1. With no solvent and one equal point scatterer per Cα, compute the Debye intensity ratio I(q)/I(0) for segment 176-253 at 0.12, 0.23, 0.26 Å⁻¹ and report its log10, rounded to two decimals.
2. Around residue 369, under 15 Å between beta carbons, what's the net of Lys plus Arg minus Asp minus Glu among the other residues?
3. Can you tell me the order of 94-103, 239-248 when each peptide is scored by its average per-residue count of other Cβ atoms within 10 angstrom, highest first?
4. Let me know the shape class of segment 200-388, please: from the alpha-carbon gyration tensor, a ≥ b ≥ c as square roots of the eigenvalues, rounded when a/c is under 1.5, otherwise prolate if a/b is greater than b/c, or oblate.
5. Please list, ordered by chain and number, the residues whose modelled amide H lies under 5 Å from the amide H of residue 112; skip anything fewer than 5 residues away on the same chain.
6. How would you order 81-92, 329-340, 61-72 from highest to lowest mean count of nearby Cβ atoms within 10 Å?
7. Arrange the peptides 283-292, 358-367 so that the one whose residues have, on average, the most other Cβ atoms within 10 Å appears first.
8. Rounded, prolate or oblate: which fits segment 97-220 when a ≥ b ≥ c are the square roots of the eigenvalues of the alpha-carbon gyration tensor, with rounded for a/c under 1.5 and prolate only if a/b beats b/c?
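Where a number appears in this text, it was derived from the coordinates with a stated rule and is not lab data. Since the model is a prediction, treat every value here as computed from it, not as a measurement. Cβ placement follows ideal geometry from the backbone for every residue including glycine, while neighbour counts extend to all protein chains displayed.
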Amino acid sequence: MDILFIHQNMPAQFKNLAPALAASGKHRVVFVTRGKGVDIPGVRCVGYEAPRPANPTTHHYVRLYEASVRYGQQVARTLLQLKREGFVPTIVIGHPGWGEMMFVRDVFPRAVILSYAEFYYHGAGADVGFDPAQPADLDTVCRTRARNAHLLLSLDMADAGIAPTEWQRSRHPAIYQPRIRTIFDGVETDVVKPDPAARFRLPDGRTLSRQDEVITYVARNLEPYRGYPSFIRALPAILTARPEAQVVITGGDQVSYGAPAPEGRSWREQMELEVPLTTGPFADRVHFTGKLSYANYLSLLRVSSVHTYLTVPFVLSWSFVEAMATGCVMIASDTAPVLEFLEPGINGHLVPFHDPAAIADRIIATLADRSDHLRLRKAARATAVGRCALSVCLPRQMQLVEQLTGVSV
């Protein structure tokens, strides 16, 4: 059969499913993406040019919808060309987040459509208004709900959805939830695993190992959605109480989610003004690595004594599961969807997202008493392997494709 993937940042969540469906050689697999894409064995990449942005004079509630329509049009034109070439997919698997899935049904009316149900926006009860210091006004609530317009159009014409966590599935409208399956993306736990002999080289040339006291924090970008301000505010107390501790902070200076910092600063720069760490008594014990290669990132997790993961109620980071898979001692926020995976005292510890003092106290206590670290590490890895391993998730994804198409893959 013909199989079509759509995602503006190939391969994204389909990095394992796309090559797996192509591996047998029985199917034609095409991946439509913005730009050039990447090489995947057995998968034909078809790129499209990014569309013009939305008009800045468009009402700000509708600007995202306009941009999404433009993406949908670009993809529809690309699909029409594929159709003219004789490529007619039995199933289309894609992410609706940028509008690319909006018009798939209009081009391929008989295709089975499987939509990646990553997030549905709410004006309350999730990320928006979560910070009590920044309550959401009516304009923010209305604008946030309006962000679902293109998602609803895509979801309504989809035959099925796939969500990585149960919480993310539960955020979608009740009428659509029965058609959404919860299957995690999958982590290669035979690669992402502990290594007691691991070493991590700091930017200043020093090397850390499991014998050192290492506090780690990882995010794609250092920003409030991933609890960066709370973590930074906790550090002075931690570093004072633990004079041998080294803190390694990994992430970029852009904004993945939420609002930018004031006056054009990055959130790292903004928090440095409030809690100076690159100067003063802690400067030689706090290390900012920027973004790391995947191999170096895994080395960092493997030398971690305590790993901190904080998030507002939002999309769960792959790094959370990868940290568990490497056997980190987890200190994580008591927020959804973390609560789906972390059981306090069993495979990690929970802390209140907004309470730097409580975060500091938990990290200090965990470092002071290592008697249960081995148990916590083993339990964290067991959770990741049992529920999120690629060997568990990929067969479930493949089975879903078979169920939807009636074709053996």
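1. Reported log10 I(q)/I(0), two decimals: -0.54, -1.21, -1.25.
2. +2
3. 94-103, 239-248
4. In terms of gyration-tensor shape, rounded.
5. 91, 92
6. Descending packing order for the listed peptides: 329-340, 61-72, 81-92.
7. 358-367, 283-292
8. Note, shape of segment 97-220 comes out oblate.
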